[in-house]
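Novice: Starting off with a structure, shown below.
The values are calculated or read from the model by the stated rules, or taken from the named source; none is laboratory data. Please read all numbers here as calculations on a predicted model, not as lab measurements. Cβ placement follows ideal geometry from the backbone for every residue including glycine, while neighbour counts extend to all protein chains displayed. Note: areas computed on protein heavy atoms with side chains; ligands, DNA, RNA excluded. Shrake-Rupley method; radii C 1.70, N 1.55, O 1.52, S 1.80 Å.
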Amino acid sequence: MLEQYRKEIDQIDEQLVDLFEKRMDTAKKVGEYKKERGLEIFCPDREKAVIKKRMEQTKNPAYRQYTAEFFEDIMRISRSLQAKVLNGAQNFLYQPADFLNADLKVVYPGVVGSYSGEALNKFFPAVKHKLNVNTFLEAAKLVANGEADFGVLPFENNSSGAIADTLDLILSEHLFIAGETYVDVRHCLLGTSDAEMEDIKEIYSHNQGFVQSGLFLSSLKADIKCVPMENTALAAKYVAECGNKKKAAIASKLAAESYGLKILKENIHENSGNTTRFVVISNKLTCDNNCDKISAAFTTRHKSGALCDVLAVFARNGVNLMHIESRPLKQKDFSYMFYIDFEGNLADSNVADAITQIKETGAELILLGNYRTENVR
Ligand SMILES: C=C(O[C@@H]1C=C(C(=O)O)C=C[C@H]1O)C(=O)O
């Protein structure tokens with residue numbers, strides 16, 4: 001009996017494929033027509049009308065919803081073919097990032113001994129013009145207005161997670177990610193040369209220094225005050241300038257050497273492999289053949305399944321999603337933007353298809369960069 005049913009299904013599928021090919025040939029012609037006239041691929045009204053007509057045609061009411069799903073899928077596939085027709089003729093739009101120019105100006109937040117400074121030295125070992133500013137915002141602004149070619153900012157840490165300020169600045173200053181590098185972050189408690197652990201009453205650091213050294217801090221006496229500063233190395237510099245043995249900083253060994261501070265306790269970070277991913281920011285979207293990681297941000301429509309529709313695009317096109325993060329949208333209470341990293345190059349056809357299809361779901365997508373992955377270890 002099963003054999004018989006399967007024979008029947010095979011015969012139906014044979015007819016379906018003939019019709020499917022015919023439909024795809026026509027969709028391709030529609031794609032060519034739209035390309036010539038610069039028209040949008042996605043026509044939601046037409047799709048709604050197609051589904052309505054085909055549901056009405058469905059005799060068995062129990063199948064109507066399946067008919068709708070069937071046509072949603074068929075039309076998604078048809079749009080994907082049309083996107084190929086359109087993208088096929090596009091020239092590659094992006095310039096490669098120029099990291100080797102001898103006159104590059106690169107900015108980092110903090111002073112000598114900051115982890116951002118270490119990241120800069122790692123990514124740009126030969127750069128001559130290093131600018132340093134106090135805040136992430138100042139660094140982002142210098143890159144946005146072209147006074148610096150690139151900037152180096154911390155982006156995420158493997159214990160404390162995303163460094164939201166950087167992501168928010170990339171979006172608000174319309175910046176792009178041109179590269180990444182990872183730095184081992186080894187925090188120490190630093191004091192003046194005459195200080196001992198029991199003298200310490202105030203600890204200065206960047207908020208990340210406190211978060212990443214949480215266990216150590218909770219083991220200290222309760223009357224010790226933690227004072228956040230713009231940067232760990234600035235905190236070390238401040239402690240050295242005050243010359244007060246009650247004040248300590250959480251910063252790197254390099255900061256201790258740079259400001260003549262004593263290491264009161266080494267390796268106070270919780271995670272022994274504490275690592276921060278830094279991004280190289282630029283005011284241009286750059287890409288070359290070696291780029292294999294794409295960052296983007298998107299907002300979805302407020303309807304059930306909207307996020308799922310976007311994520312399904314990655315799966316369908318065989319694009320590996322590496323990271324997703326949600327951030328509140330400041331201008332809209334309890335609405336969110338999603339930040340993603342995925343594998344690929346903007347010239348890959350599956351990536352181009354995925355980007356087109358994400359937009360077709362009604363999501364708004366901003367490309368934030370295509371760059372080369374650095375292996376963490
Ligand atoms: C084929 C078209 O393009 C898209 C695909 C459709 C389809 O496959 O039926 C319908 C509407 C569009 O979103 C079209 O515009 O007619």
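Novice: Quick one: count up the residues across region 224-248 that are in contact (Cβ under 8 Å) with a residue 40 or more places away in the chain, in a loop (DSSP other than H, G, I, E, B) and either buried (at least 19 other Cβ atoms within 10 Å of the Cβ) or among the hydroxyl-bearing types (S, T, Y) (or both).
Specialist: The number of residues fulfilling the criteria is 2.
Rundown of residues vs (1) among the aromatic types (F, W, Y); (2) free of Cβ contacts under 8 Å to residues at least 24 places away in the same chain; (3) in contact with a helix residue (DSSP H, G or I) (Cβ under 7 Å, 6 or more places away or on another chain), yes/no style:
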site: L307; (1), (2), (3): no, no, no
site: L311; (1), (2), (3): no, yes, no
site: A315; (1), (2), (3): no, yes, no
site: L329; (1), (2), (3): no, no, no
site: F342; (1), (2), (3): yes, no, yes
site: N350; (1), (2), (3): no, no, no
site: L368; (1), (2), (3): no, no, yes
site: N375; (1), (2), (3): no, yes, no
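Novice: Answer yes or no: is there a residue in region 52-65 that is in contact with a Gly (Cβ under 6 Å, 6 or more places away or on another chain) and within 16 Å of the ligand (Cβ to nearest atom).
Specialist: The first filter runs over region 52-65 and keeps only residues in contact with a Gly (Cβ under 6 Å, 6 or more places away or on another chain), leaving none.
The answer is no; no qualifying residue exists.
Novice: Taking A306, is it surrounded by fewer than 18 Cβ atoms within 10 Å (Cβ to Cβ) and farther than 25 Å from L153 by Cβ?
Specialist: Working: surrounded by fewer than 18 Cβ atoms within 10 Å (Cβ to Cβ): yes; farther than 25 Å from L153 by Cβ: yes.
For A306, the condition - surrounded by fewer than 18 Cβ atoms within 10 Å (Cβ to Cβ) and farther than 25 Å from L153 by Cβ - is met.
Novice: Within region 24-38, how many residues turn out to be near the ligand (Cβ under 8 Å from one of its atoms) and either over 23 Å from E360 (Cα atoms) or surrounded by 14 or more Cβ atoms within 10 Å (Cβ to Cβ) (or both)? Give the derivation first.
Specialist: Initial filter on region 24-38 (near the ligand (Cβ under 8 Å from one of its atoms)): 26-27, 30-31, 34.
Pick out the ones that are also either over 23 Å from E360 (Cα atoms) or surrounded by 14 or more Cβ atoms within 10 Å (Cβ to Cβ) (or both) and you get 27, 30-31, 34.
Residues in region 24-38 being near the ligand (Cβ under 8 Å from one of its atoms) and either over 23 Å from E360 (Cα atoms) or surrounded by 14 or more Cβ atoms within 10 Å (Cβ to Cβ) (or both): 4 in total.
Novice: Go through region 39-48 and give me each residue that's near the ligand (Cβ under 9 Å from one of its atoms) and in a helix (DSSP H, G or I). Write out each step before concluding.
Specialist: Of region 39-48, the ones near the ligand (Cβ under 9 Å from one of its atoms) are 39-47.
Correct list: P44, D45, R46, E47.
Novice: Please enumerate the residues belonging to region 1-23 that are open to solvent by 90 Å² or more (accessible area, probe 1.4 Å), within 16 Å of the ligand (Cβ to nearest atom) and of a type outside the set (D, E, K, R).
Specialist: L19 - this is the single residue of region 1-23 that is open to solvent by 90 Å² or more (accessible area, probe 1.4 Å), within 16 Å of the ligand (Cβ to nearest atom) and of a type outside the set (D, E, K, R).
Novice: Moving to a separate point now. Go through (1) surrounded by fewer than 20 Cβ atoms within 10 Å (Cβ to Cβ); (2) modelled with pLDDT of 95 or more one by one and return the number of the condition K221 breaks.
Specialist: Every listed condition holds for K221 apart from (2).
Novice: Among the candidates F20, F99, single out the residue that is under 30 Å from R372 (Cβ atoms) and at pLDDT 90 or above. So that I can check it myself, show each step before the final result.
Specialist: Details: F20 fails: under 30 Å from R372 (Cβ atoms).
From the options F20, F99, the qualifying one is F99.
Novice: Being polar (S, T, N, Q) and assigned to a helix (DSSP H, G or I) is the filter here; which residues of region 192-223 pass it? Spell out the reasoning first.
Specialist: Here is the first cut: in region 192-223, the ones polar (S, T, N, Q) are 192-193, 205, 207-208, 212-213, 218-219.
N207, Q208, Q212, S218, listed by residue number.
Novice: Name the pairs: first residue in region 41-54 and touching a residue at least 40 places away in the same chain (Cβ under 8 Å), second residue in a helix (DSSP H, G or I) and near the ligand (Cβ under 8 Å from one of its atoms), Cβ to Cβ under 8 Å, at least 6 apart or on different chains?
Specialist: If the second residue must be in a helix (DSSP H, G or I) and near the ligand (Cβ under 8 Å from one of its atoms), the pairs left are I41/G31; I41/K34; I41/R79; I41/Q82; I41/E360; F42/R79; F42/E360.
Novice: Then there is this: Name the residue that is least open to solvent (accessible area, probe 1.4 Å), counting only residues in region 52-80 that are among the hydrophobic types (A, V, I, L, M, F, W, C) and more than 40 Å from the chain's Cα centre (by Cα).
Specialist: Within region 52-80, the subset among the hydrophobic types (A, V, I, L, M, F, W, C) is 55, 62, 68, 70-71, 74-75, 77.
With more than 40 Å from the chain's Cα centre (by Cα) added as a condition, the list becomes 55, 62.
Details: M55: 52, A62: 68 Å².
Among those that are among the hydrophobic types (A, V, I, L, M, F, W, C) and more than 40 Å from the chain's Cα centre (by Cα), it is M55.
Matching residues to (1) more than 16 Å from the ligand (Cβ to nearest atom); (2) closer than 24 Å to R277 by Cα; (3) modelled with pLDDT of 90 or more:
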| site | (1), (2), (3) |
| --- | --- |
| L81 | no, no, no |
| G88 | yes, no, no |
| F92 | yes, no, no |
| V112 | yes, yes, yes |
| S116 | yes, yes, yes |
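Novice: Which is open to solvent by less than 20 Å² (accessible area, probe 1.4 Å) and part of a loop (DSSP other than H, G, I, E, B), of A119, A126, A140, A148? It would help to see each step written out before you state the result.
Specialist: Values: A119 fails: part of a loop (DSSP other than H, G, I, E, B); A126 fails: open to solvent by less than 20 Å² (accessible area, probe 1.4 Å); A140 fails: part of a loop (DSSP other than H, G, I, E, B).
A148 is the lone residue from the list that is open to solvent by less than 20 Å² (accessible area, probe 1.4 Å) and part of a loop (DSSP other than H, G, I, E, B).
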